[in-house]
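One structure is given here, and the rest of the page talks about it.
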Amino acid sequence: MEPSAPNSIDLRGRRILVVDDDRLNVRILSNILKSEGYIIADANSGERALEVYDSFNPDLLLLDVVMPGINGFETCREVKKRYGDKAAPIIFITAKSESEDVVEGLSAGGVDYLPKPFDGKEALARIKTHLQIRLLMEQQKSLVEQLSNANAAKNKFLGMAAHDLRNPLASIRGLAEFLREGVGGPLSQDQLDLINTIHDASQSMLVMVNELLDVATIESGELKIHGENRNLSDLIEKCVFLGNIEAGKKGSHIEFHAEDRHVVMYFDGAKIKQVIDNLLSNALKFSPPSSTIKVSLTRFDKGWSVSVIDNGPGIPENERDKLFKDFSRLSVRPTSGEKSTGLGLAICRKIVEAHHGHITATNIPSGGCEFKISIPSN
């Protein structure tokens, strides 16, 4: 069956280099191709083809196998060596159709072959197919570049917006704290309630802005790990201590068990603290009031793992693929109306992976979910 190609793509003006030491073959192919609007150049040897290639910049090569000097297979390998992924696709011209010759041609980097004597319709169909594939790949590459540029612009905008919003939000939160502490004078209960609402709203917005800034930093490739030797157990203990202050507001409690209290590892303390704080915050959000959150530090064959077990509803199996993606939210909701951007776990994953570790989430049959980060020792 002859290969077919859709006619919706205009291929006129595409450049084809015909390489054959037989002038009759060159004339036949040139006449066929020129009638379709292609621009043709020719060469009578592999060496000459390599010279013409640079100036002609073809979209496709029709390359004879048997020629004086370097043969078609060697010429093909040299083209691939010089131009790599940017090399034009190569269709071999051969009087031989034995399978071993076809295999050798494909192994050398060719995409197809044309048997002699030529069948005009078959030759055009094969050539059109590979020119279309190349054109579509060029369009795809251009689209990817455009999307990459748009994504970079988006990250820059997010970073600038988040940076500019962070300071005024921090000021609002700080002023609310001053008023709540009575710096401006006695407050009625209604006034105190309003100030607490302002404080909580500004705190939620500040968390959201910081997460947007983190995402912009990470996606722009600017996430840098500033590692040092630190005691991981001490860091977790401090996170748990502060987490218990927040847990107390729901009547909950966080327990910490360490297999070893002296686990010195090389890591970025601020960023791993951010990961643990996020896991503790999520555990509290999705667990009902008066819950016990269990945190443990255990050894595995290549390093140490930190697990956080909550009492929440777990992760719906059909939503598991959303879990560590940017801006993804599951159908389950926090138990006390806490806010979530859907960015926290995505940031955690990227920080842990930057430490050459991994993060997992596993539903517990008896209820709840275990989030675990595993970081290898250096």
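Considering the options 137, 366, 281, tell which one lies farthest towards the positive end of the dipole of the chain, charges being +1 on Lys and Arg and -1 on Asp and Glu at the Cβ, about the Cα centre.
The Cα lying farthest towards the positive end belongs to 281.
Of the peptides 205-215, 30-40, 134-144, how do they stack up when ordered by the mean number of other Cβ atoms within 10 Å, highest first?
205-215, 30-40, 134-144
Amide H neighbours of residue 113 under 5 Å, counting only residues 5+ apart in sequence or on other chains, H built in-plane at 1.01 Å?
92
Non-local amide H neighbours of residue 18 (under 5 Å, H modeled in plane, Pro and chain starts lacking H): which ones?
The answer is 41, 42, 43, 62.
Each residue of segment 256-262 in order: what ³J(HN,Hα) in whole Hz does its phi give by Karplus 6.51 cos²θ - 1.76 cosθ + 1.60, θ = phi - 60°, with x for Gly and Pro?
10, 10, 10, 5, 8, 8, 10
Counting other C-beta atoms within 10 Å, which of 230, 77, 23 has the fewest, and how do the rest follow?
23, 77, 230
Under 8 Å for C-alpha pairs, at least 6 residues apart: give me the relative contact order for the chain, rounded to a whole percent.
Across the chain, relative contact order equals 10 percent.
Tell me the relative contact order for segment 228-376 as a rounded percent, counting alpha carbon contacts under 8 Å between residues six or more apart.
23
Over the chain, how many percent of alpha carbon pairs lie in each 10 Å bin up to the one with the longest distance?
Taking every Cα pair in the chain, the percentages come to 4, 17, 19, 12, 11, 13, 12, 7, 3, 1, 0.
Relative to the longest principal axis of the chain, what angle (0 to 90°, nearest 10) does the C-alpha long axis of helix 269-286 take?
Helix 269-286 sits roughly 70 degrees off the main axis of the chain.
Given the rule -39500 (n - 2.57) for each run of at least 4 DSSP H residues, summed and divided by the residues of the chain, what is its mean residue ellipticity at 222 nm, to the nearest 500 deg cm²/dmol?
-16500 deg cm²/dmol
Kindly write out, for segment 112-120 in residue order, the coupling ³J(HN,Hα) from the Karplus curve 6.51 cos²θ - 1.76 cosθ + 1.60 (θ = phi - 60°), rounded to whole Hz, with x marking Gly and Pro.
Running phi through 6.51 cos²θ - 1.76 cosθ + 1.60 with θ = phi - 60° gives 5, 8, 10, x, 8, x, 6, 9, x Hz.
For the residue pair residue 54 and residue 80, what label-to-label distance in nm results when each label sits 7 Å from Cα along the Cα-to-beta-carbon direction?
Using points 7 Å along Cα→Cβ, the separation is 2.3 nm.
For the chain, take the longest principal axis of its alpha carbons; what is the angle in degrees between that and the long axis of helix 46-56, to the nearest 10 within 0 to 90?
Tilt of helix 46-56: around 60 degrees.
Along the charge dipole of the chain, which of 313, 109, 32 sits closest to the positive end, that is, farthest toward it, with unit charges on the beta carbon of Lys, Arg, Asp and Glu (+1, +1, -1, -1)?
So the residue furthest toward the plus end is 313.
Under 5 Å between amide H atoms, partner at least 5 residues away or on a different chain: which partners does residue 67 have, H built in plane at 1.01 Å?
Excluding prolines and chain starts, which carry no amide H, the hits are 72.
Tell me, what is a quarter of the convex hull surface for the C-alpha atoms of segment 228-376, in nm² with one decimal?
That works out to 8.3 nm², a quarter of the Cα hull's surface.
Show me, for segment 235-250, the HN-Hα J-couplings you get by feeding each phi into the Karplus relation (A = 6.51, B = -1.76, C = 1.60, θ = phi - 60°), rounded to Hz, glycine and proline as x.
The phi angles translate into 4, 5, 4, 5, 4, 5, 4, 5, x, 5, 5, 6, 4, x, 5, 10 Hz.
Explain nothing, just the number: dipole magnitude of the chain about its Cα centre with +1 on each Lys and Arg Cβ and -1 on each Asp and Glu Cβ, in debye rounded to the nearest 20.
580
Take the residue pairs 81/128; 154/271; 128/325; 156/250 and return only those whose Cα atoms are more than 31 Å apart.
As for pairs spanning more than 31 Å Cα to Cα, those are 128/325; 156/250.
Taken together, the values in this text are just the output of simple stated rules run on the coordinates, not laboratory data. If you're wondering where the values come from, they're calculated on a predicted model, not measured in any experiment. Cβ: placed from backbone, ideal geometry, glycine included. Neighbour counts: every protein chain shown.
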